[in-house]
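What follows is one structure encoded as structure tokens, with my remarks underneath.
The values are calculated or read from the model by the stated rules, or taken from the named source; none is laboratory data. Bear in mind the structure is a predicted one, so any value in this text is a computation, not a measurement. No Cβ is skipped: glycine too gets one built from the backbone with ideal geometry, and neighbour counts run over all protein chains shown. Please note that ligands, DNA and RNA were not included when accessible areas were found on the heavy atoms of the full protein model with its side chains. Shrake-Rupley method; radii C 1.70, N 1.55, O 1.52, S 1.80 Å.
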Amino acid sequence: MTPNATTLDLHTPVREVLAHVPVRHATEYAKGHLIYGRNTLVKNIYLVVAGTVGITQIAEDGSEVLMEVVRPDELFGPLVFLNVPDRLERATAMETSRLMTWPLSDLEDLVMKQPRLAVALLQILAQRNAEFARRIESFAIDSIEQRLARSLLRFSERLGTPEEDGSVRIMPFTHETLARYVGTSREIVTQHMTRFRRQGYVSYSRKGIRLHRDALRTVFD
């Protein structure tokens with residue numbers, strides 16, 4: 001039995017993966033729940049059915065950089081095939097989330113029988129690595145203001161809901177969370193977000209952030 005692709009807005013290669021794995025019961029994680037963390041061996045691959053999951057990298061000094069926000073119908077944890085302790089990565093539910101999980105042992109058997117499954121998993125890993133490379137390039141050439149604007153625009157593309165006035169609404173991100181994604185302090189993010197709001201690029205509250213994307217892109221002019 002395979003997941004019913006007609007009920008999910010899936011894109012290749014995620015659709016290809018789900019065509020070769022059995023349906024699992026989805027487990028619910030409360031907001032802030034640690035899915036896996038430091039000094040743990042990641043033995044599963046996960047599908048986000050509902051909610052969002054933050055993937056962070058932990059530095060030697062204990063600080064964290066938010067690497068990715070995984071949305072519904074996306075997979076995370078494909079590096080389980082390396083079978084090494086992922087001491088530097090942490091996955092946390094950013095809101096109440098439901099995850100479908102497949103153990104590594106099951107996937108190893110399936111990959112041996114279904115080469116296309118292995119190819120799809122490698123494609124997902126390659127896509128994620130390409131995005132990380134773009135992030136590194138942004139760190140090298142963009143100002144903090146531009147990195148913040150670029151991050152907000154990316155979140156609007158991946159997580160946004162269009163509004164009638166042409167703006168895009170995304171989930172609420174604290175300034176601390178944005179700072180961990182951009183690679184700066186909360187105070188600096190607050191300064192830039194305040195300026196963005198004053199210039200009409202964004203508006204925000206505890207319910208979410210609304211972006212005027214065309215206006216925000218002027219930061220790169």
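Worth a mention:
- For the chain, the carbon plus sulfur part of the accessible surface works out to 52%, probe radius 1.4 Å.
- Positive-end ranking of 122, 58, 182 along the dipole of the chain, with charges on Cβ about the Cα centre, is headed by 182.
- Relative to the dominant Cα principal axis of the chain, helix 186-198 is inclined by about 60°.
- Accessible surface for segment 71-204, divided over its residues, is 53 Å² per residue with a 1.4 Å probe.
- Normalised by residue number, the volume inside the convex hull of the Cα atoms of segment 103-154 is 92 Å³ per residue.
- Here the calculated FRET efficiency for residue 214 and residue 31, from their Cβ-Cβ distance with R0 = 45 Å, stands at 0.90, rounded to the nearest 0.05.
- Counting only alpha carbon atoms, the long axis of helix 115-141 and the longest principal axis of the chain meet at about 20°.
- If R0 is taken as 45 Å, the Cβ-Cβ distance between residue 164 and residue 43 corresponds to a FRET efficiency of 0.50.
- Using C-alpha pairs under 8 Å with a sequence gap of at least 6, the mean separation divided by the residue count of the chain gives a relative contact order of 19 percent.
- Value at 222 nm in deg cm²/dmol, rounded to 500, when DSSP H runs of n ≥ 4 in the chain each add -39,500 (n - 2.57): -11500 deg cm²/dmol
- Extended-chain gain in nm, criterion 0.36 nm per residue less alpha-carbon gap, residue 199 and residue 95: 34.5 nm
- In whole angstrom, the chain maps to an equivalent ellipsoid with semi-axes of 32, 20, 16, each derived as √(5λ) from the alpha carbon gyration tensor and ordered largest first.
- Cut-off 19 Å (backbone N to label point 7 Å along Cα→Cβ of residue 129), residues of segment 57-71: 57, 67-68
- Projected area, mean over directions - segment 127-186, Cα convex hull, nm²: 4.6 nm²
- Residue 207/residue 88 FRET efficiency (R0 30 Å; Cβ-Cβ; nearest 0.05): 0.35
- Largest to smallest principal axis extent of the C-alpha atoms in segment 77-178, angstrom: 49, 34, 26
- Here the peptides 174-180, 23-29 are ranked by packing, the mean other Cβ count within 10 Å, and the order with the highest first is 174-180, 23-29.
- Under the Debye formula (equal points on every Cα, no solvent term), log10 I(q)/I(0) of segment 13-76 at q = 0.13, 0.18, 0.28 Å⁻¹: -0.43, -0.78, -1.45
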